[in-house]
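S.K.: There's a structure below that I have some questions on.
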Ligand code: AHR
């Protein structure tokens, strides 16, 4: 294993320094002129993949809360997945899943409990949450449930959080009332931190009860919002200070076949009325985290929303057809396209329309009369460039452009940084003058070094670029550094690259269906990968103008070395980023004269270590950026440590 790693590093170094020997700071023009950088350069891309939403960012603790899991989500799943029938203390009765009279037709299944004898402890159900329910001492939890008392007498119901031994961590009791479905709310106070708990709902007297939408939320959600987000994970995203957030995903959007396409209208309104569906990543989407919650989160963290809608075609890999060349793309029937396009227009109205418009009123009814200030809409994701795709994309694009010139459309140019879909996609973008196109690259670390000059020659008169998904296939320091080197080129080309986001963002460590990710988490904690720190250092130090040719490496041109210099005009600060993804420390010179630096106050933020160091849930702090005061005199001859990213921020005022 060790031998393999060492061999890999040696090969990597050889490739980086010999095969791809070119300037990591490619600047043909040697002057120190400045150019404007996109204000929306560094953001995030959220996809419900690897349990990023349910069992992750969405703070709901009950799994399969409305009994809608089914074998079409996963072969062995059904309405009772994550539930257990509890017949303790000599209680007995029957339990069944029904659909005759649901709370709402969009949420058709519910549980029927017929309590013949409630015994000593009550008859009922328990839920195991997502790999157990984790609670914190001193916190309060909002329990709610829809019940229909189907027998004449009121039934006392006890709710408990219990561990394996039966110890109770929080409890509440209430009594049912007759007359149709009714929502019951209780607060459970927890005095002790615990994980692996189960939520018990027990009927304490004989009778008949219909049960649906069993929910348990921490009161401590991000910003305390109802139906909200897990506070620590949301804060981790907020701390990246993303300028935008793309949602609800990539492949998830165009879906595994036409029936699985993500429809934003199914995701708003009261949660019990939303239409749930299978996730393309082979699990279930409760849709509790829907478009309202996405918009609200964007607003909370100051990120511009970038919702993506399918381009009227399903994923080309539908049904696993990537194994036979990705031929699974299907187009919506053309007769459905008018309705589909109306859905896209309605989305814009939902986000931006006045409260007296049809969809603006829905936003207001959800609690947000103020518009969400939507500026971007993505159409399509990595779609195979076929006639079916082009026809439908153009139908949507033409109408959005005509009716909403204020909206900037982001198109798509396939799944890879080159190849047929990329070429065809760009041809199509040029033909239609699409304002921005979305490029994706999941490539080896060497690719990120050897492609540092990729955007230097992009035509500034054509579409701008959104690098919607990129990652260098690993969470080691060396991966993060090659991404950092590439990010200096994104800054340098911030006049043609409008936006960029690492992908994927979040992964539950027990349900990871894609690697690497930016943030890994379990039920109680999360770990910032080294890649996370790189993203953060760039994002919080994003300037608005780029100053050319400030950093030099004493004549050395080597793709493992890269640098950028930006200015933040709000503060007047100058920010220099220097990456050394190579084995040896190297001296660099920062041209003070060109910068006209008066200030002596500066901070150095440095991330360095061994190339294969990484942060894990067990060792989350192995590598963290270290901040120190920095003497600007050193700028003339700054030694860049091997395997490091240095961010030097010089105070403007
Ligand atoms: O980020 C994971 C997946 O990678 C996205 O869903 C898709 O767009 C890409 O193929």
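Values quoted throughout were computed directly from the atomic coordinates according to the rules given, and no laboratory measurement underlies them. Quick caveat: nothing in here was measured; it's all calculated off a predicted structure. Cβ: placed from backbone, ideal geometry, glycine included. Neighbour counts: every protein chain shown.
S.K.: Ranked highest first by the average count of other Cβ atoms within 10 Å around their residues, in what order do 110-116, 400-406 fall? Present the calculation step by step, with values, prior to reporting the outcome.
M.R.: Working: 110-116: 20.1, 400-406: 13.3.
Put in order of decreasing packing, that is 110-116, 400-406.
S.K.: Could you order the peptides 156-164, 140-148, 335-343 from most to least packed, using the average number of other C-beta atoms within 10 Å per residue? If you can, show how the numbers build up before the last one.
M.R.: Details: 156-164: 19.0, 140-148: 20.7, 335-343: 13.2.
Packing proxy ranking, top to bottom: 140-148, 156-164, 335-343.
S.K.: Report the dimensions of region 135-210 along its three principal axes from the alpha-carbon atoms, largest first, rounded to Å.
M.R.: The principal-axis extents, from largest down, are 39, 22, 14 Å.
S.K.: What relative contact order, as a whole-number percentage, does region 192-305 give when Cα pairs under 8 Å and 6 or more residues apart are counted?
M.R.: Working: 101 pairs, mean separation 25.3, N = 114.
Worked out over region 192-305, it gives 22 percent.
S.K.: Full-extension gain between residue 183 and residue 136, please, as 0.36 nm times their residue separation minus the C-alpha to C-alpha distance. Don't skip to the answer; put the middle values down first.
M.R.: Values: separation 47, 0.36 × 47 = 16.92 nm, distance 2.56 nm.
Using 0.36 nm per residue and subtracting the Cα-Cα distance, I get 14.4 nm.
S.K.: Let me ask another. Counting each DSSP H run of 4 or more residues in the chain as -39500 (n - 2.57), what helix-only mean residue ellipticity at 222 nm follows after dividing by all residues, to the nearest 500 deg cm²/dmol? Mind dumping the intermediate values first?
M.R.: Values: 12 runs with 130 residues, N = 653.
It comes out at -6000 deg cm²/dmol, rounded to the nearest 500.
S.K.: Compute the relative contact order of region 326-418 as a whole-number percentage, counting only Cα pairs closer than 8 Å that sit 6 or more residues apart in sequence.
M.R.: Details: 95 pairs, mean separation 24.8, N = 93.
That works out to 27 percent.
S.K.: Considering the alpha-carbon set of region 510-569 alone, what are its Rg and its Dmax in angstrom?
M.R.: 17.0, 50
S.K.: If you average 1/r over every pair of different alpha-carbon atoms in region 112-238 and take one over that average, what Kirkwood value in Å do you get? Provide the component values of the computation, followed by the final result.
M.R.: On the way: mean 1/r = 0.0650 Å⁻¹.
Evaluated over region 112-238, this radius sits at 15.4 Å.
S.K.: Using the 2.2 N^0.38 Å rule of thumb for compact globular proteins, work out how region 182-282 stacks up: its C-alpha Rg over that value, please.
M.R.: Details: Rg = 18.1 Å, N = 101, 2.2 N^0.38 = 12.7 Å.
This ratio for region 182-282 stands at 1.42.
S.K.: Now, a different point. Just from the alpha-carbon atoms, what are the Rg and Dmax of region 273-386 in angstroms?
M.R.: Looking at region 273-386, its Cα Rg and Dmax stand at 16.2, 50 Å.
S.K.: Another question about this same structure. Cβ neighbours within 10 Å, averaged per peptide: list 300-310, 581-591, 241-251 in order, most packed at the top. List each step's numbers first, then the result.
M.R.: On the way: 300-310: 22.1, 581-591: 18.5, 241-251: 24.4.
Packing proxy ranking, top to bottom: 241-251, 300-310, 581-591.
S.K.: Separate question: Taking Cα atoms, how many degrees apart are the long axis of helix 387-403 and the longest axis of the chain, rounded to 10 and kept between 0 and 90?
M.R.: Roughly 90 degrees between the two axes.
S.K.: Just to be sure I understand: of the beta bridges DSSP finds with both ends in the chain, what percent are antiparallel, rounded to 5?
M.R.: If we restrict to bridges inside the chain, about 75 percent are antiparallel.
S.K.: Over all pairs of distinct alpha carbons, what does the Kirkwood formula give as the hydrodynamic radius of region 567-616, in Å?
M.R.: Computed over Cα pairs of region 567-616, the Kirkwood hydrodynamic radius comes out at 13.9 Å.
S.K.: Still on this structure, please answer the following. In nm², what is the average projected area of the convex hull enclosing the Cα atoms of the chain?
M.R.: Values: hull surface 123.9 nm².
Average projection, Cα convex hull of the chain: 31.0 nm².
S.K.: Shifting gears a bit: Please determine, in degrees from 0 to 90 and to the nearest 10, the orientation of helix 334-352 with respect to the longest principal axis defined by the Cα atoms of the chain, where the helix direction is its Cα long axis.
M.R.: 80
S.K.: Then there is this: Divide, for region 26-126, the radius of gyration over alpha carbons by 2.2 N^0.38 Å, where N is the residue count. Intermediate values should be presented prior to the final figure.
M.R.: Numbers: Rg = 25.4 Å, N = 101, 2.2 N^0.38 = 12.7 Å.
Working it through for region 26-126, the quotient is 2.00.
S.K.: Can you tell me the Rg and Dmax of region 39-83, counting just the alpha carbons, in angstroms?
M.R.: Gyration radius and largest Cα-Cα distance of region 39-83: 14.6, 48 Å.
S.K.: If I fit a long axis through the Cα atoms of helix 420-432 and take the longest principal axis of the Cα atoms of the chain, what angle between them do I get, 0 to 90°, rounded to 10?
M.R.: 90
S.K.: Moving on. List the residues of region 279-321 whose backbone N lies under 20 Å from a point placed 7 Å from the Cα of residue 265 along the Cα-to-Cβ direction.
M.R.: Within reach of a label on residue 265, which here means backbone N under 20 Å from a point 7 Å along Cα→Cβ, region 279-321 contributes 287-295, 307-314.
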